[in-house]
Amino acid sequence: MNRVFSGIQPTGNLHLGNYLGAIRNWVAMQAEYECIYCIVDLHAITMPHDPAGLAQATRDMAAGILAAGVDPARTILFHQSAVTAHAELAWTLMSIARTGWLDRMIQFKEKRGRDAEGPSVGLYTYPVLQAADILAYRATHVPVGEDQKQHLELARDIAVRFNGLYGEGLLTPPLPVIGAEAARIMSLRDGTAKMSKSDPSEASRIDLTDTADAIAAKVKRAKSDADVLPDSAAGLADRPEAKNLVGIYAALAGTSVDAVLAEWGGRGFGAFKPALAEVTVAALAPINAEYVRLRADPGHLDAVLRGGAARAGAIAAPLLREVYNAVGFLR
Ligand code: TYM
């Protein structure tokens, strides 16, 4: 049986990178698969965070995901801290994952900072919790952006090792689902840096909560270059900003980079940017309107998340029992 699982941290707003890299696939996969989507609040506390804002950030993220098209009638949407199996399975898996595997994690190296006491232990073991998220549901497919590929490989390694030690078939090694286009949307200020919630510059990203005017202003200010657009994708090779903006246009317009360049090749950014702003606003305006509507009803959002947590917990509990039996705990 195929089952989809994916997660997102409730830090900052949903941005265009999250949407094109992951959430759009989350929505599309509902048509074919049983889907489980998780707002990973346990992961969010591994970096310094604001306790007073976390619950609201979790609700806001739920509103954004629902506004983008996740349907709670068929899909499970919940917050991670409400299902204890995630933390329990993570602890169990921490005893079989090797430190050498975690030492290689690129995201940890990017996020660890310069604090004299070092990063939190949670930040280091973060990818094991992520593996537990997926493995707790025997998920087969995990739609994510390119940056999560290494964490998915680790989840596979953990599943394979666990099965080797405790019994074949206990855990299911998951497959990442990474879109060919838009798997890595870059900052609007720097075509070599990923668009990210943690970038201090608001102008670096387009949030799904931005108004049409804000979107137009950010696209207008986006870093580009002085050349005209090339006729084909090969001409974008050494032009990271141009490549990013054309890629965003193609993803939002539902077409290919080559098709965009067939239309726009030979013209400059003065002409291209207003068109890009237009397709961006057209794609995001309906999501934005729905987000504003949903956000005004926190009771509904909490009910969706609580209902999702009950359904998720019912799937994860028997798997956790099997795992506890396999490792030999007194039951
Ligand atoms: P997070 O919260 O950073 O991002 C959520 C999703 O958005 C994708 N993404 C991007 N895709 C393309 N371009 C970008 N600039 C961009 N920025 C973010 C991410 O790849 C991700 O798919 N560790 C995960 C959360 C997580 C998870 C899981 C994911 C926890 N448990 C289990 C899958 C399965 C994270 O921090 O994603």
Which residues, taken from region 174-188, are surrounded by fewer than 18 Cβ atoms within 10 Å (Cβ to Cβ) and either away from the ligand (no atom under 12 Å from the Cβ) or free of Cβ contacts under 8 Å to residues at least 60 places away in the same chain (or both)? L175, A180
Return a yes/no flag: does region 242-250 have any residue that is in contact (Cβ under 8 Å) with a residue 60 or more places away in the chain and over 20 Å from G179 (Cβ atoms). no
Mind checking whether some residue in region 52-59 is of a type outside the set (K, R), more than 14 Å from the ligand (Cβ to nearest atom) and touching a residue at least 60 places away in the same chain (Cβ under 8 Å)? no
Contact list, first residue from region 14-28 and near the ligand (Cβ under 8 Å from one of its atoms) and among the aliphatic types (A, V, I, L, M), second anywhere and in a helix (DSSP H, G or I) and open to solvent by less than 10 Å² (accessible area, probe 1.4 Å), beta-carbon distance below 6 Å, six or more apart or interchain, is L20/A251
Residue that is farthest from the ligand (Cβ to nearest atom) [pool: residues in region 1-12 that are of a type outside the set (G, A, S) and in contact with a helix residue (DSSP H, G or I) (Cβ under 7 Å, 6 or more places away or on another chain)]: V4
Considering each of M61, M1 in turn, give the residue that is under 19 Å from A312 (Cβ atoms), hydrophobic (A, V, I, L, M, F, W, C) and modelled with pLDDT under 95. M1
Extreme residue, farthest from the ligand (Cβ to nearest atom), among residues of region 158-173 that are free of Cβ contacts under 8 Å to residues at least 60 places away in the same chain, open to solvent by 30 Å² or more (accessible area, probe 1.4 Å) and touching a helix residue (DSSP H, G or I) at 6+ places or on another chain (Cβ under 9 Å): G169
If you go through region 254-268 one residue at a time, do you hit one that is farther than 30 Å from S81 by Cβ, in contact with a Pro (Cβ under 8 Å, 6 or more places away or on another chain) and surrounded by fewer than 20 Cβ atoms within 10 Å (Cβ to Cβ)? yes
Matching residues in region 96-118 (touching a residue at least 60 places away in the same chain (Cβ under 8 Å) and either within 13 Å of L154 (Cα to Cα) or over 21 Å from the mean Cα position of the chain (by Cα) (or both)) number 2
Complete set of residues in region 189-212 that are closer than 19 Å to P10 by Cβ, open to solvent by 20 Å² or more (accessible area, probe 1.4 Å) and not in a loop (DSSP other than H, G, I, E, B): K194, E202
Only one of L170, L208 is aliphatic (A, V, I, L, M) and under 20 Å from I36 (Cα atoms), namely L170
Considering residues that are within 11 Å of the ligand (Cβ to nearest atom) and small (G, A, S), the number found within region 109-155 is 6
Looking for something away from the ligand (no atom under 14 Å from the Cβ), surrounded by 14 or more Cβ atoms within 10 Å (Cβ to Cβ) and under 21 Å from G307 (Cβ atoms) - is there at least one such residue anywhere in region 70-80? yes
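The values are calculated or read from the model by the stated rules, or taken from the named source; none is laboratory data. The structure displayed is predicted, hence computed values, not measured ones. In this analysis, Cβ positions are derived from the backbone assuming ideal geometry, glycine residues included, and neighbour counts consider all displayed protein chains. Calculation scope for accessible area: heavy atoms of the full protein, side chains included, ligands and nucleic acids excluded. Shrake-Rupley method; radii C 1.70, N 1.55, O 1.52, S 1.80 Å.
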